[in-house]
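Working notes, beginning with the structure itself.
Every read-out reported here was derived from the displayed coordinates using simple, explicitly stated rules and does not represent laboratory data. This one's a predicted model, so the numbers in the text were calculated from it and none came from an experiment. Here the Cβ is made from the backbone with ideal geometry for all residues, glycine too, and neighbour counts use every protein chain on show.
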Amino acid sequence: MKSTRIIMRAGVVLVVAGLGLCAARAQTFPDHPVRLMIPFTPSGGIDTLGRLVAQRLGEIWGQTVFVENRAGAGGDIGSSAAAKAPPDGYTLALGGQFLASNVTILPMRGFDPVKDLDPIVLLATGQDVLTVPPNSPFRSVRELVDYAKSHPGELTYASLGVGASSHLSVLLLSEITGISLRHVPYTSFSQAFADVSMGRVSLWIASFSGAIGHIQAGELNALAVSGHARAAELPDVPTFRDLGIPYDNESWFGLFAPKGTSRAIIDQLNADALRVIGNEDLKTRAATLGFRTAGGTPEALGLLLQNEIGQWAEVAERNDLLPK
């Protein structure tokens with residue numbers, strides 16, 4: 001009995017010591033550079049947003065947060081690489097709506113965002129914007145919808161590939177408004193923009209961050225934006241809700257860590273990221289890119305991901321996009 005008590009006491013001491021070590025590690029985290037994986041090419045609003053967050057986190061920590069761009073498979077290649085890193089908080093991933101749609105429509109072997117990533121915080125959201133060429137005959141969503149209803153399948157729309165948010169967004173809007181459009185997928189933003197701006201394609205639901213510069217330059221016309229409030233940069237452009245169309249889809253971007261990262265580190269990352277996106281200067285800079293900073297708990301981001309997986313799976317099933 002005496003030896004048993006000694007062993008039990010030793011076990012308690014080891015557990016307490018282990019907890020103390022974990023707490024100490026969390027308190028000193030990070031003590032060397034951190035990597036932020038951005039699963040897209042080094043250009044555009046998403047990359048800029050990620051780099052702004054990385055810079056500000058580095059300033060808080062007194063450590064370098066270096067960005068690694070690893071594009072491919074609609075964002076899954078970089079996300080999967082981050083998920084395979086040690087779960088110690090030193091590799092983070094910028095995830096978003098693409099995680100929710102890809103897992104159903106474009107699943108990557110050996111990668112599941114729910115099983116392989118731990119949510120940290122929702123960084124920002126971005127409105128969708130319905131755009132048409134400058135020479136388009138349509139000056140309102142109502143004109144476009146009325147024409148499409150009387151000429152089913154005649155109008156075309158651009159996207160950045162099957163299963164991309166720019167594809168699913170139009171499918172969702174088409175379901176809501178009862179119209180039929182022809183899909184023209186592209187492999188790059190520049191190709192899609194060129195054909196829409198020249199009038200070779202009828203319309204495009206683009207991310208606000210990607211389209212705002214072209215709209216302000218007169219290279220695209222904006223007919224409506226998603227969300228519950230108009231965009232500050234386009235105050236004269238109505239929301240879909242203003243027009244009586246219940247289309248609320250918005251892109252979103254959050255911070256994730258490899259599954260199994262300690263709760264203490266997740267909580268610290270959440271708190272530090274909230275400090276970053278709560279900064280007024282960063283809010284202003286994000287707004288110029290078409291983003292609205294967000295926030296919230298890790299659980300809230302996890303719930304958002306789960307809900308979006310369900311939403312896009314339903315859209316995919318109704319439109320026969322599920323893998324055969």
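Considering only DSSP beta bridges with both partners in the chain, what is the antiparallel share in %, to the nearest 5?
Working: 25 of 39 bridges.
Counting DSSP beta bridges with both partners in the chain, the antiparallel share is about 65 percent.
Hey, how many Å between the Cα centroid of segment 192-223 and the Cα centroid of segment 140-178? After rounding, the separation between the Cα centres reads 15 Å.
Using the Karplus relation 6.51 cos²θ - 1.76 cosθ + 1.60 with θ = phi - 60°, the per-residue 3J(HN,Hα) values for segment 118-133 come to 9, x, 10, 6, 7, 7, 6, 10, x, 6, 7, 9, 7, 10, 9, x Hz, with x marking Gly and Pro. For segment 163-247, relative contact order (Cα pairs under 8 Å, six or more residues apart, normalised by length) works out to 25 percent.
Ranked highest first by the average count of other Cβ atoms within 10 Å around their residues, in what order do 231-239, 206-214 fall?
Taking the mean over residues of other Cβ atoms within 10 Å, the ranking is 206-214, 231-239.
What the pair-distance distribution of the chain shows, using all Cα-Cα distances binned every 10 Å from zero, is 6, 25, 31, 20, 10, 4, 2, 1, 0, 0 percent. Dipole orientation for the chain: of the candidates F253, W204, F66, F66 has the Cα lying most toward the positive pole (charges on Cβ; Lys, Arg +1; Asp, Glu -1). Dipole orientation for segment 127-243: of the candidates P152, S140, Q216, P152 has the Cα lying most toward the positive pole (charges on Cβ; Lys, Arg +1; Asp, Glu -1). Packing around the peptides 310-321, 77-88, taken as the average count of other Cβ atoms within 10 Å per residue, puts them in this order, highest first: 77-88, 310-321.
Beta bridges from DSSP with both residues in segment 127-243: antiparallel share about 55 percent, rounded to the nearest 5. Distance between the pseudo-spin-label points of S150 and L322 (7 Å out from Cα toward the beta carbon): 3.8 nm. Each part reduced to its alpha carbon centroid, segment 227-283 and segment 62-139 end up 14 Å apart.
Please compute the length gained on full extension between A73 and E175, using 0.36 nm multiplied by the number of residues separating them and subtracting their Cα-Cα distance. Walk me through the numbers before you get to the answer.
On the way: separation 102, 0.36 × 102 = 36.72 nm, distance 2.64 nm.
Length difference between fully extended and current span is 34.1 nm.
With contacts taken as Cα pairs under 8 Å and at least 6 residues apart, the chain reaches a relative contact order of 26 percent.
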